[in-house]
Amino acid sequence: MALALVLNSGSSSLKFQLIDPSADATQPPLASGLVEQIGEPSGAVTLKTGGEKYTVSAPIPDHAVGLSMVFDLMTEHGIGPSQVEITAVGHRVVHGGLLFSQPVVITDEILNMVRDLIPLAPLHNPANIVGIEGAMEILPDVPHVAVFDTGFFHSLPPAAALYAINAEVAAAHGVRRYGFHGTSHEYVSQQVPALIGRDPEHTRQIVCHLGNGASISAVHNGKAIDTSMGMTPLAGIVMGTRSGDIDPGIVFHLHRSAGMSIDEIDTLLNKKSGVKGISGVNDFRELRAMIEQDNQDAWLAYNIYIHNLRKYIGSYMIALGRVDAITFTAGVGENDVDVRASALQDLEVFGIEIDPERNALPNTGPRIISTDSSKVKVLVVPTNEELAIARYAVQLAGE
Ligand code: ADP
């Protein structure tokens with residue numbers, strides 16, 4: 001069985017999954033886990049396989065050591081790299097800038113190009129590079145493939161991709177909309193035409209990826225024509241801890257009048273805002289529990305979130321002109337019945353009609369939740385970015 005190892009590297013962590021790319025999307029991966037606190041005095045490796053969870057604690061100086069510890073642990077459980085056939089490694093890379101529209105096999109030249117993009121993603125790309133280098137050191141004979149979070153949005157038309165700021169400054173500093181969560185938007189939007197019985201070449205759709213980070217995209221006949229995240233993942237709809245779109249003047253005000261530094265404002269808007277900034281929690285399960293207690297901050301956070309979401313959906317309906325499907329995915333989108341109901345409430349005049357019973361069913365796979373008479377089909381399609389990356393990795397490795 002040809003397997004792919006999928007890696008998602010952060011600066012001090014590494015998430016991994018060992019996946020059979022031909023498996024059904026509902027199957028759990030063969031193994032998954034996390035390397036934590038890389039470079040710190042104490043670290044830990046967690047492996048989940050066969051319904052069990054194993055943890056090893058030890059200092060982990062770098063990503064390569066972390067990965068070799070993962071392999072040792074996998075070997076103990078019969079799924080080490082010499083016991084199974086890993087045919088490709090897929091790496092999630094956050095920023096592909098204007099250089100990458102498609103996944104690529106990683107070479108020295110490609111790695112240098114990813115390095116050139118560091119100014120656009122100063123926190124993420126360096127961590128991705130370290131993870132790639134570590135994995136290539138440990139698995140030198142297997143093709144490594146980079147899959148970019150921005151890739152699917154390479155097709156954005158200029159009117160959607162460019163900001164109305166000084167063109168010279170924008171061009172000199174790469175200021176434009178890149179979009180993120182592209183692997184998820186692509187994976188989900190590709191499934192929709194078959195689910196609603198339409199030709200993919202004639203399907204106009206909106207995808208709402210609502211996780212802790214969240215983004216919406218408008219997809220016209222398979223190509224993204226707009227998306228809510230921007231030059232950075234801070235833009236767009238309200239998220240768990242990120243503000244989403246705000247008046248940019250707020251940043252100047254907080255700096256000049258409130259005396260906050262740029263780093264403090266960065267942290268405020270990325271980590272202490274959004275649903276958490278209003279209610280104190282970012283997990284929608286906790287938010288729901290607070291709403292049930294009639295907590296007014298939780299209600300306010302929810303109402304702001306929904307108001308924003310509806311505005312984006314509305315604007316993409318106009319951008320697309322005709323909408324065949326609106327799809328919800330990711331942690332909140334797949335599981336929160338009320339968010340879906342509130343997002344599309346009272347829109348019958350636009351041909352959108354959710355069926356409350358279908359909406360309330362558990363999330364066991366892709367499904368339609370609109371009524372049979374709803375002109376716009378509403379769906380829940382579970383995302384699986386790791387599986388999408390695994391499929392790309394094995395496909396490119398075989399070319
Ligand atoms: P990310 O990849 O951005 O961390 P996920 O797509 O995994 O996000 O979504 C995580 C979020 O999904 C959680 O913070 C929580 O708000 C929400 N979530 C997960 N399960 C449920 C559930 N059963 N009901 C409502 N919200 C849920």
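Take the conditions (1) within 11 Å of the ligand (Cβ to nearest atom); (2) crowded, with 17+ Cβ neighbours inside 10 Å; MET290 misses just one of them, which is (1).
Give the residue that is farthest from the chain's Cα centre (by Cα), with candidates limited to residues of the stretch 134-149 that are without any contact (Cβ under 8 Å) to a residue 60 or more places away in the chain and closer than 19 Å to SER11 by Cβ. Ranking the qualifying residues of the stretch 134-149, first place goes to MET136.
If you go through the stretch 98-113 one residue at a time, do you hit one that is in a strand (DSSP E or B), among the aliphatic types (A, V, I, L, M) and touching a residue at least 60 places away in the same chain (Cβ under 8 Å)? Within the stretch 98-113, one or more residues are in a strand (DSSP E or B), among the aliphatic types (A, V, I, L, M) and touching a residue at least 60 places away in the same chain (Cβ under 8 Å). When SER279 is tested against (1) within 12 Å of the ligand (Cβ to nearest atom); (2) free of Cβ contacts under 8 Å to residues at least 12 places away in the same chain; (3) of a type outside the set (A, V, I, L, M, F, W, C); (4) surrounded by 14 or more Cβ atoms within 10 Å (Cβ to Cβ), exactly one condition is not met: (2). Check whether at least one residue in the stretch 81-94 is free of Cβ contacts under 8 Å to residues at least 60 places away in the same chain, surrounded by 14 or more Cβ atoms within 10 Å (Cβ to Cβ) and farther than 26 Å from VAL104 by Cβ, and report yes or no. No: zero hits. All of GLU186, GLU168, GLU201 fail the test of being in a helix (DSSP H, G or I) and crowded, with 18+ Cβ neighbours inside 10 Å, apart from GLU186. Total residues in the stretch 243-276 satisfying the condition of being hydroxyl-bearing (Ser, Thr, Tyr) and either within 16 Å of the ligand (Cβ to nearest atom) or not in a loop (DSSP other than H, G, I, E, B) (or both): the figure is 3. Given the residues ILE225, ILE216, ILE246, ILE237, which is the only one that is surrounded by 17 or more Cβ atoms within 10 Å (Cβ to Cβ) and over 25 Å from ASN335 (Cβ atoms)? Of the residues listed, the single one that is surrounded by 17 or more Cβ atoms within 10 Å (Cβ to Cβ) and over 25 Å from ASN335 (Cβ atoms) is ILE225.
Please work out if GLY211 is touching a residue at least 24 places away in the same chain (Cβ under 8 Å), on the phi < 0 side of the Ramachandran plot and away from the ligand (no atom under 15 Å from the Cβ). In short, no.
GLY240 falls short on exactly one of the conditions (1) more than 15 Å from the ligand (Cβ to nearest atom); (2) part of a loop (DSSP other than H, G, I, E, B); (3) in contact (Cβ under 8 Å) with a residue 12 or more places away in the chain, and that condition is (1).
The lone criterion from (1) within 16 Å of the ligand (Cβ to nearest atom); (2) surrounded by fewer than 20 Cβ atoms within 10 Å (Cβ to Cβ) left unmet by TYR302 is number (2).
Just to be sure, is ALA224 part of a strand (DSSP E or B) and away from the ligand (no atom under 16 Å from the Cβ)? The answer is yes for ALA224. Only one of the numbered conditions (1) in a helix (DSSP H, G or I); (2) buried (at least 17 other Cβ atoms within 10 Å of the Cβ); (3) within 13 Å of the ligand (Cβ to nearest atom) is not met by ARG285, and that is (2). Taking every residue in the stretch 367-384 that is free of Cβ contacts under 8 Å to residues at least 40 places away in the same chain and among the basic types (Lys, Arg) and pairing it with any residue that is more than 16 Å from the ligand (Cβ to nearest atom) and assigned to a loop (DSSP other than H, G, I, E, B), at least 6 positions away or on another chain, the pairs with Cβ-Cβ distances below 9 Å are LYS375/VAL323; LYS375/ASP324; LYS375/GLY351; LYS375/GLU353.
Against the test of being in contact with a helix residue (DSSP H, G or I) (Cβ under 9 Å, 6 or more places away or on another chain), at positive phi and of a type outside the set (A, V, I, L, M, F, W, C), the options GLY66, GLY97 yield a single qualifying residue, GLY97. Inside the stretch 1-29, residues that are in a loop (DSSP other than H, G, I, E, B) and over 16 Å from GLY131 (Cα atoms) make up a count of 11. From the list ALA88, ALA121, the one residue that fits, being small (Gly, Ala, Ser) and at pLDDT 95 or above, is ALA88. What is the residue count in the stretch 308-362 for residues that are within 16 Å of the ligand (Cβ to nearest atom), surrounded by 15 or more Cβ atoms within 10 Å (Cβ to Cβ) and in a loop (DSSP other than H, G, I, E, B)? Number of matching residues: 1.
Taking the stretch 121-165 as the range and being part of a loop (DSSP other than H, G, I, E, B) and of a type in the set (S, T, N, Q) as the test, only THR150 passes.
The values are calculated or read from the model by the stated rules, or taken from the named source; none is laboratory data. None of the values given here were measured: they were computed from a predicted structure. A quick note on method: Cβ atoms are made from the backbone with ideal geometry, for glycine too, and the neighbour counts reach across all protein chains shown.
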